[in-house]
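Working notes for the structure below.
The values are calculated or read from the model by the stated rules, or taken from the named source; none is laboratory data. Predicted, not measured: the structure shown is a model, and the values here were computed from it. Here Cβ is always computed from backbone atoms with ideal geometry, including for glycine, and neighbour counts include all displayed protein chains. We work out accessible area using only protein heavy atoms, side chains counted, and drop any ligands, DNA or RNA first. Shrake-Rupley method; radii C 1.70, N 1.55, O 1.52, S 1.80 Å.
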Amino acid sequence: MLNLSDVSIRLGGNDIVRHVSFQLNPGDKTGLIGRNGIGKSTLLKAIAGEIEPAEGQISILKGHKTGYLKQDIEFEDGATVLEEAYKAFDEIQSIENKLKSVENELAIRTDYESQAYMQLLDDYHHLQEKFQLIGGYQYKGNTEKVLKGLGFTEADFNKPVESFSGGWRMRIELAKILLQDNDILLLDEPTNHLDIESILWFENFLKNYKGILLLVSHDQMFLDNVTNRTIELTPFKTYDFPKPYSEFLKIKAELIEKQQQAAKNQAKEIKEMERLIEKFRYKATKASFAQSLIKKLDKIERIEVEEVSQKAMNIQFPVAQASGKIVFEMAHLYKSYGNKEVLKDLNLIITKGERLAFVGQNGTGKTTLSKIMVGHLEPTAGHIKVGHNVNIGYFAQNQSAYLKPDLTVLETIEAASDDSNRAKVRDILGAFLFSGDDVHKKVGVLSGGERNRLALAIMMLQKFNVLVMDEPTNHLDIPSKNVLQKALLQFEGTLIVVSHDRHFLQGLTDKTIEFKDKSIQVHLGDIDYFLQERQAENFRIIEQKKESAEPASTAKKKTDYTQRKAGRKLRRQLTNRIQKVEKAIEQQEAIIADMETILTSSNPPSDPDFFADYETAKNKLAEWMNEWEVLQTELEELPEI
């Protein structure tokens, strides 16, 4: 059992977590959610014993073992993948070493009839029994099974851990935690470094896990597939429902609606009581009645309603002047790292306005090709040609790592600005939810999602006609992912996105580039069409199903693709025009409001020109409103693609 009672946590004098209480029991698989910076990772650290709460208590049933996967792990060098994974079995390896020592001693002893020799045999027998009881004969096989499930091959097992990237080393740490037979699992963004196959295996593992799971994740599909309970941290209260994420959202929306209605009714009651108090408090015959109302009013417990925040990232990527028709042209492109070949004889042409999704397992070359496209890497052989007037904006998978931790948010974005856009930095920060004192926070104290938002904000300082985004949603909360998706949908340039997040990719792209076996395969259509073509109900099972139906004809594919691409382009154009018209309506309404203020003043104008301008302004507003209605109707009548 895991119990939190009125827990509050302060860091640097700031309240990070306030008055959180809940109890988890075996079988509870709980998603811990909340906006970036609300304290989810901090709460996991406190439960794991790495920091002390300022108030309240955290209790774990005596004898329960806890496994904790955090985002910032200190890795150690010097062991192979298998040796590092075996560290999960300290007790087993200790007994294994004792067994080897006794075996060596038995091999050299010849006093077979002595009491000492018999005692040695007895010790060996007891060690064997204990070794078998705690899984000593299975641990090596189990270790290999878990490592393979997380994407390692047998060829990787004897490689030194320092030869792997941080993401792959994180998988080794995850493997150790899963192998330890812990009673409680605390997992902070465990899928960030996993590919499709590994996520599928991991989901199945957690579904069969019998202990307590507390999971921080921004992967909606993963939360829905794994959890049976959701706890949301908000600045004012904790929501807790025995449902996975998507169902939790529906229940919470209904609850807030009921709270709003109850608060509205209570406000009416309070207003009426205050009216009666004010009416009768100074009348001698009614003074006692007024006093009783005052006492009753003081005892009323005000209904608190969480404000449904309308504050969200409102962003639109600025577009530079149009590029040439050909954006990238790659011919017979190869890329190797030493003896490891990643891309082989790759040929691809990307034209202006195309929107591509790069999908596939980790290590198949998605990030490598992205870096070649933006000039951060050179191909080993072959060539890549960047088209005329191409201005590339690149968001790297670890983009936030390039931020300097000692600078404040404001200093960081000001350092990236110039004279042409320095006046806009505060507005841009506000659009990315950095306002007030937030802009003076050091980058080093920001959460992963906040750092990613800051890195995205920096991209807004320049105009691009090509965006290359490598896992841009890492660490972003689900609402922020949705807003970023909307901004990219409105981007009118060429878009290349590396992602394994199906929810994020839906409707975002026109082509899907699948990376596999050192090569690529181009699929016309977005991620849903790609999944349909591969006969996969779910993005996570794509690598486990074989194509069993004949694909559509090439001509039909091209026709469908052309229609979908044209439809998406029209949808983007209509959406952008509607936003401009709405802004014009807002400005025109402000002009009319100012004129009406003058008209209703104590000294109204008598100049006929003023009244003519007033009528012209109202007619212009009517024109804007009419255009908005036509555009909105056209947008609503577009077929879903």
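Does the range 62-81 include one or more residues that are exposed (fewer than 14 other Cβ atoms within 10 Å of the Cβ) and of a type in the set (K, R)? Looking for residues that are exposed (fewer than 14 other Cβ atoms within 10 Å of the Cβ) and of a type in the set (K, R), one finds at least one in the range 62-81, hence yes. Within the set L377, L369, the sole residue that is hydrophobic (A, V, I, L, M, F, W, C), within 31 Å of the chain's Cα centre (by Cα), surrounded by 17 or more Cβ atoms within 10 Å (Cβ to Cβ) and under 30 Å from D517 (Cβ atoms) turns out to be L369. Given the condition under 26 Å from D28 (Cβ atoms), within 27 Å of the chain's Cα centre (by Cα) and open to solvent by less than 80 Å² (accessible area, probe 1.4 Å), answer yes or no: does some residue in the range 285-305 qualify? Looking for residues that are under 26 Å from D28 (Cβ atoms), within 27 Å of the chain's Cα centre (by Cα) and open to solvent by less than 80 Å² (accessible area, probe 1.4 Å), one finds none in the range 285-305, hence no. Every condition in (1) of a type in the set (A, V, I, L, M, F, W, C); (2) in contact with an Asp or Glu (Cβ under 6 Å, 6 or more places away or on another chain); (3) farther than 25 Å from L403 by Cα holds for V498 except the one numbered (3).
Look at Q132 and say whether it is in contact (Cβ under 8 Å) with a residue 12 or more places away in the chain, over 16 Å from A79 (Cβ atoms), among the polar types (S, T, N, Q) and open to solvent by 30 Å² or more (accessible area, probe 1.4 Å). Considered against the rule, which asks whether it is in contact (Cβ under 8 Å) with a residue 12 or more places away in the chain, over 16 Å from A79 (Cβ atoms), among the polar types (S, T, N, Q) and open to solvent by 30 Å² or more (accessible area, probe 1.4 Å), Q132 comes out as no.
Taking L410 as the residue in question, decide whether it is farther than 27 Å from F504 by Cβ and not in a loop (DSSP other than H, G, I, E, B). So L410 passes the test. Across the range 23-69, the number of residues qualifying as at positive phi and either under 27 Å from the mean Cα position of the chain (by Cα) or not in a strand (DSSP E or B) (or both) comes to 6.
Of the residues that make up the range 392-401, is at least one touching a residue at least 12 places away in the same chain (Cβ under 8 Å), surrounded by fewer than 17 Cβ atoms within 10 Å (Cβ to Cβ) and outside any helix (DSSP H, G or I)? Scanning the range 392-401, I find no residue that is touching a residue at least 12 places away in the same chain (Cβ under 8 Å), surrounded by fewer than 17 Cβ atoms within 10 Å (Cβ to Cβ) and outside any helix (DSSP H, G or I), so the answer is no. Name the one entry in N142, N104, N36 that is of a type in the set (S, T, N, Q), open to solvent by 60 Å² or more (accessible area, probe 1.4 Å) and in contact with a helix residue (DSSP H, G or I) (Cβ under 7 Å, 6 or more places away or on another chain). Just a single option satisfies the conditions, and that option is N142. With respect to the conditions (1) at pLDDT 90 or above; (2) closer than 25 Å to T509 by Cα, V319 lacks only one, and its number is (1).
Of all residues in the range 203-217, at least one satisfies being small (G, A, S) and surrounded by 19 or more Cβ atoms within 10 Å (Cβ to Cβ). Looking across the range 1-33, the residues that are closer than 18 Å to E232 by Cβ and touching a helix residue (DSSP H, G or I) at 6+ places or on another chain (Cβ under 8 Å) come down to L2, L4, V7, I9, I16, V17, V20, K29, G31, L32, I33.
All conditions in (1) closer than 19 Å to K65 by Cα; (2) in a loop (DSSP other than H, G, I, E, B) hold for L186, with the sole exception of (2).
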